[in-house]
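Everything below concerns the one structure shown next.
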Amino acid sequence: MKEQSVIVQLESGLHARPASEFVSAAQRFSSKISLQVGDKTVDGKSILGILSLAVAKGTQVVVQADGQDEEEAVRALTSILASAQ
Amino acid sequence: MLDSQHVLFHVTTDSQEDTIRKVVALAADTGRIKDISAVVQAVLDREQEGTTGFGKGIAIPHGKSDQVKEPTLLFARLANPVDWNSLDGNPVDTLFVILVPADAATEHLKILSKLARKLMHDDFVQQIKSIASTEALVQYVNAELQ
């Protein structure tokens, strides 16, 4: 398993378009993807899971991937969270 | 949180915009918003950013506008499903609509996050689609969103 912590830089947090983009990107990987905030962990391929976290800009999250393409998945997904829009 | 005067059953509608307009009009009737068109536009703009049709026939359209006086949660069940460009491609027949004032920073995100958490559970989905009376629905939803 690979994981990386990142501070969310998305202007309006992980909502709306960025949330859908994150989920679509996660679904392209075969690895199991999780997103963790504090003591809550959700399925990174589920839009409802992502929205349930209510991730605002400046929140520290941990992206976890477990599977064959875990390195690439963590890299791609953290870069979405760290981008400004 | 959900008030019985903000529940609509059997809404007849022919489009996403028409659906949003009918629910927003209810919020105008109960004095929660001022200009209907401005609020409808805010909700439509949000849908443009990405659909709130999260699957299972449920959508959570929401909008922020200075025409909204106080945060309001509404519920609508449609007489006929309408296309919502949903993530799973299915039309929508059940909606939670969240309207918040322009200066409400994270209020709607909190409600949205609570709803999202509940909608992951199929029994919640089944209940909100099947409970027949307004009072029972309001009681159920408010207990679940506690």
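Here are a few things to note about the model shown:
- The single residue among A:Gln60, A:Gln64 that is crowded, with 17+ Cβ neighbours inside 10 Å, in contact with a strand residue (DSSP E or B) (Cβ under 9 Å, 6 or more places away or on another chain), modelled with pLDDT of 90 or more and not hydrophobic (A, V, I, L, M, F, W, C) turns out to be A:Gln64.
- Residue within the range B:28-47 that is surrounded by fewer than 14 Cβ atoms within 10 Å (Cβ to Cβ), in contact with a Gly (Cβ under 9 Å, 6 or more places away or on another chain), farther than 20 Å from B:Glu144 by Cα and acidic (Asp, Glu) present: yes
- Checked against (1) crowded, with 22+ Cβ neighbours inside 10 Å; (2) more than 10 Å from the chain's Cα centre (by Cα); (3) outside any helix (DSSP H, G or I), A:Leu51 meets all criteria but (3).
- Residue in the range A:30-42 that is over 17 Å from B:Leu115 (Cβ atoms), modelled with pLDDT of 95 or more and within 12 Å of chain B (Cβ to nearest Cβ) present: yes
- Any hit, the range A:7-26, residues being crowded, with 21+ Cβ neighbours inside 10 Å, part of a strand (DSSP E or B) and touching a helix residue (DSSP H, G or I) at 6+ places or on another chain (Cβ under 7 Å): no
- Cross-chain or 6+ apart pairs with Cβ under 6 Å, the range B:120-138 first and among the polar types (S, T, N, Q), then in a helix (DSSP H, G or I) and at pLDDT 95 or above: B:Gln127/B:Tyr140
- Residue-level analysis places B:Lys118 among those that are within 14 Å of chain A (Cβ to nearest Cβ) and under 23 Å from B:Arg32 (Cβ atoms).
The values are calculated or read from the model by the stated rules, or taken from the named source; none is laboratory data. Everything numeric in this text was worked out from a predicted model, so none of it was measured. Using ideal geometry, Cβ is built from the backbone for each residue, glycine included, and neighbour counts are taken over all protein chains shown.
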